[in-house]
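Structure, as structure tokens:
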Amino acid sequence: MTAPWRLVDGPAGALRLYSTTAAPGSSPSRVLILCHELPRVTGGAADAGRAYPALADRLSQESGFRVVTGMLRGAGGSDGDFSASGWLEDLSFLIDQEVGVDGGAWAVGFGLGGAFALRLAADDRRVRGVASLAGPADLAGWVADTDAVLGRCRRTGVISADGFPADENAWAAELAGLTPLDAAANLGDRPLLVVHGADDNEVPTAAGRALADAAAPNGPVDLRIVPGAGHWLRADPRVVATLIGWLERQRA
């Protein structure tokens, strides 16, 4: 049975946090940060974190990492409204709170969370490795229809405050500015795992290949295209096994 979520005082107010304990014989300062997807169904923000404790527990038990996941602002009962800068601030807060002086964080992101994991790593050398699962390579085309993206965010509930954002164009520019390809290219010698479903009808497989190609000149890259898999990889046992194997290799 998983432990309960707990509320902490985050940058935008209350932030829901779930963390596992370190596995026996492992370093408690070796932390994995899980970055969740952007909810897609009406009212989905309230349920955004439902599956993450079980996933965190399994990853921790089988990889030896201590796993931390937070419901970033606007999602899963956390205060605030979704924005690129806000989610990055929340992720940095998690690292500040959960990583010791001599520790290291690895970032794993699903869907749009993959773009945030990459940008977090590009901006913070405390992140020692990244896994992007069904993550986009570019967001400029997606946010070009800003009204549609904001409409999705309001329907799902990750944006709920009246008048937010104050500047819709600036809000969209922040999202486009995550530039996952550039982030991948700036990982340096840090390892990258890219997993993509062969039948992903939301983010093309070419995006995964582009991310791997961007990082490959500088550091170790592991690209896995999963036959028959679509966009939602979190519950695919093949993907979870691939992620666990990659994490085990990071402990060497």
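Below is a table of values for the structure above.
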item	result
Residue in segment 55-77 that is farthest from residue 166 (Cα to Cα), counting only those that are small (Gly, Ala, Ser), under 16 Å from the mean Cα position of the chain (by Cα) and not in a helix (DSSP H, G or I)	70
Within segment 49-82, considering residues that are surrounded by fewer than 22 Cβ atoms within 10 Å (Cβ to Cβ) and out of contact with any strand residue (DSSP E or B) (no Cβ under 8 Å at 6 or more places or on another chain), the one nearest to residue 232 (Cα to Cα)	51
Residue in segment 37-54 that is farthest from residue 242 (Cα to Cα), counting only those that are without any contact (Cβ under 8 Å) to a residue 40 or more places away in the chain and assigned to a helix (DSSP H, G or I)	47
Those residues of segment 232-246 which are in contact with a strand residue (DSSP E or B) (Cβ under 7 Å, 6 or more places away or on another chain), within 15 Å of residue 54 (Cβ to Cβ) and assigned to a helix (DSSP H, G or I), in sequence order	239, 243
Flag if residue 217 is loosely packed, with under 14 Cβ neighbours inside 10 Å and farther than 21 Å from residue 32 by Cα	yes
Options 140, 183; residue that is at pLDDT 95 or above, small (Gly, Ala, Ser), under 27 Å from residue 217 (Cα atoms) and within 18 Å of the chain's Cα centre (by Cα)	183
Single condition residue 235 does not satisfy, out of (1) of a type in the set (Gly, Ala, Ser); (2) within 14 Å of residue 111 (Cα to Cα); (3) crowded, with 18+ Cβ neighbours inside 10 Å	(3)
Verdict on residue 90 being in a loop (DSSP other than H, G, I, E, B) and out of contact with any helix residue (DSSP H, G or I) (no Cβ under 9 Å at 6 or more places or on another chain)	no
Residues of segment 193-252 classified as among the basic types (Lys, Arg) and closer than 18 Å to residue 182 by Cα, total	1
Residue match in segment 235-248 (condition: of a type in the set (Gly, Ala, Ser) and in contact with a helix residue (DSSP H, G or I) (Cβ under 8 Å, 6 or more places away or on another chain))	no
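Results for (1) closer than 22 Å to residue 247 by Cα; (2) at pLDDT 95 or above; (3) of a type outside the set (Ser, Thr, Tyr); (4) out of contact with any strand residue (DSSP E or B) (no Cβ under 8 Å at 6 or more places or on another chain), shown as yes or no for each residue.
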{"residue": "89", "(1), (2), (3), (4)": "no, yes, yes, yes"}
{"residue": "96", "(1), (2), (3), (4)": "yes, no, yes, yes"}
{"residue": "104", "(1), (2), (3), (4)": "yes, no, yes, no"}
{"residue": "149", "(1), (2), (3), (4)": "no, yes, yes, yes"}
{"residue": "160", "(1), (2), (3), (4)": "no, yes, no, yes"}
{"residue": "187", "(1), (2), (3), (4)": "yes, yes, yes, no"}
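The values are calculated or read from the model by the stated rules, or taken from the named source; none is laboratory data. Worth saying up front: this structure is predicted, and the values here are computed from it rather than measured. Virtual Cβ from ideal backbone geometry, glycine too; neighbours counted across all protein chains shown.
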